[in-house]
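Step one of this worksheet: look at the structure below.
The values are calculated or read from the model by the stated rules, or taken from the named source; none is laboratory data. This is a predicted model, so every value here is computed, not measured. Cβ atoms come from the backbone with ideal geometry, glycine included; neighbour counts cover every protein chain shown.
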Amino acid sequence: MNVNKSSITVIFNLVIFCLALAGLSAAAQAALLDEGSAGGNNCTPVSVNDAGVEVGACTDSSTHTSVAYIAVTPGSEVDLAPLVSGYACMAGAINHVALASATVVGRCQNASGVWNAVTWQASSPSTTPRLLAPLSGLLGLGADVSTRASGVNLTGIVVGDSISGNGTHTPVYWAAGSTSAVPLAGVRVLLGLLSTDPINCAVSDISDSTPAVVLANCPSGAAGMGKPIALVWTSLSSNAVTVALPAGARYCEVGQVNALGNIVGDCTFATSTHQTAFWSSVSATPIVMSSVAVGGVSQVSTHNGAVDMNASGHIACNFKNTSGETEACFWNTSTTTGTALAPISGGIRDAAQAIGNNDTLLVNSETASGSLHQSHVLAGGTAVTDDGTLSGGVNSAGTALSPDGHTAAGISETIGETVDADSEAL
């Protein structure tokens, strides 16, 4: 799974603009459970696995630094140890295996305040995390200075970027349990780069399959007029290959890959059209979501983007409707038409956040009063259900959904406009 799904190019994310609002009347409460504030203030969950284990980040109430946390059960936040005492950390994702062997990936500051990718053993939150080291350079010369993690799979392999002192990114992986970065191969040949040219790719995801498939997006350089090139490694030892572009596309970017080898991304066309693309395999001709069914009536959609993909290749997406507003959608990739998920009663916009393997979707929806509420759509439906807020709150927002689609996590205002993490069984 990837650490940050925003690596998929999505231009219609619904901004969590309502969390600063005050004075609006709260709607009826739903079954959101308060995770409390044991990990600090203003906690935000970023990942939850099928066992309901949640990870995220809070703000320490005394030092005001970011603290990574894990909650094995709702309301049981425990701090994940920092790399250096007193310095900030943020959790990014937990892989979906038993707690005893689960890996949490994130980032921490070192003693110089530089952020680096790290991993924690989920069952040992008080143990200092492993620092995922950058590339060391030839004979230690020209070593990179920091790292960024983009994904972790079921076996604990982490992918990401090794970053030089001038900010150049090289795509790498760290084997399960290892702290040594290994560069992913074949990039220079595809991009036509010389040995002195920067690579500057950004890794976006790794699959749970064996062998693991890795995705990245790279700049094409002067010869390619700077347009992004989507790269795929079909194994950690293979050279990178490119994906086919749909007819008329100027470029595509890839964001997620599942265990079947399905790939989802977004493509930009010469007409400034921006649409979701799906590749059933790395060698397949992509399918483009070119229309959306709104109220059962198909409409051409020239501006849409993916936010998440499940194990079956079904996609949570957002599109710009005829009123120019963001609206959530579901795409069964056996067709070229997505299905609109209308906002809750009285709202004018909503946005999909995630999709489970059972096709349940996590959605954030505007209410009739203008506040924002965590919401969901059960598998097979199109009706968005308002999940409300924690007691005393006005706004809430879903941030993560377990792969099986049965546990949602998010943030909600409570009494006094403080913000707590929440969880919900779906």
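Quick look at the numbers
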| quantity | calculated |
| --- | --- |
| Qualifying positions in region 246-269 - of a type in the set (Ser, Thr, Tyr) and either assigned to a loop (DSSP other than H, G, I, E, B) or under 16 Å from Cys317 (Cβ atoms) (or both) | Thr268 |
| Residue selected from region 70-90 under the condition under 29 Å from Ser207 (Cβ atoms) and either small (Gly, Ala, Ser) or at pLDDT 95 or above (or both), by the criterion surrounded by the most Cβ atoms within 10 Å (Cβ to Cβ) | Leu80 |
| Positions within region 387-418 being surrounded by fewer than 21 Cβ atoms within 10 Å (Cβ to Cβ), among the charged types (D, E, K, R) and at pLDDT below 95, in sequence order | Glu417 |
| Residue, surrounded by the fewest Cβ atoms within 10 Å (Cβ to Cβ), within region 273-307, restricted to residues that are assigned to a strand (DSSP E or B) and small (Gly, Ala, Ser) | Ser298 |
| Residue that is nearest to the chain's Cα centre (by Cα) [pool: residues in region 328-347 that are modelled with pLDDT of 95 or more and over 14 Å from Val377 (Cβ atoms)] | Thr333 |
| Residue ranges of strands (runs of 3 or more DSSP E) in region 49-150 with at least 3 members more than 25 Å from Gly398 (Cα to Cα) | 115-121 |
| Total residues in region 147-167, condition among the charged types (D, E, K, R) and crowded, with 24+ Cβ neighbours inside 10 Å | 1 |
| Selection count, region 308-350, where residues are under 14 Å from Thr360 (Cα atoms), part of a loop (DSSP other than H, G, I, E, B) and not small (Gly, Ala, Ser) | 3 |
| Exclusive hit being crowded, with 22+ Cβ neighbours inside 10 Å and touching a helix residue (DSSP H, G or I) at 6+ places or on another chain (Cβ under 6 Å), set Ala93, Ala102, Ala122, Ala117 | Ala122 |
| Residue within region 199-206 that is at pLDDT below 95 and aliphatic (A, V, I, L, M) present | yes |
| Of the criteria (1) over 13 Å from Ile315 (Cα atoms); (2) touching a residue at least 60 places away in the same chain (Cβ under 8 Å), which one Thr360 fails | (1) |
| Top-ranked residue of region 45-61 - restricted to ones that are surrounded by 22 or more Cβ atoms within 10 Å (Cβ to Cβ) and farther than 22 Å from Ala100 by Cβ, ranked as modelled with the lowest pLDDT | Cys58 |
| Conditions (1) within 25 Å of Ser237 (Cβ to Cβ); (2) buried (at least 24 other Cβ atoms within 10 Å of the Cβ): number failed by Cys108 | (1) |
| Residue check for Gly177: farther than 14 Å from Asn239 by Cα and modelled with pLDDT under 90 | no |
| Some residue of region 85-100 being touching a Gly at 6+ places or on another chain (Cβ under 7 Å) and over 25 Å from Trp174 (Cβ atoms) | no |
| Single residue of region 308-339 satisfying the filter (closer than 13 Å to Val264 by Cβ and β-branched (Val, Ile, Thr)) that is surrounded by the fewest Cβ atoms within 10 Å (Cβ to Cβ) | Thr333 |
| Restricting region 16-44 to residues that are in a loop (DSSP other than H, G, I, E, B) and at pLDDT 80 or above, the residue that is farthest from Thr63 (Cα to Cα) | Ala31 |
| Single condition Gln121 does not satisfy, out of (1) touching a residue at least 24 places away in the same chain (Cβ under 8 Å); (2) within 16 Å of Gly106 (Cβ to Cβ) | (1) |
| Residue list for region 361-392, filter: over 14 Å from Ile411 (Cα atoms), out of contact with any Leu (no Cβ under 7 Å at 6 or more places or on another chain) and small (Gly, Ala, Ser) | Ala368, Ala379, Gly380, Gly381, Ala383 |
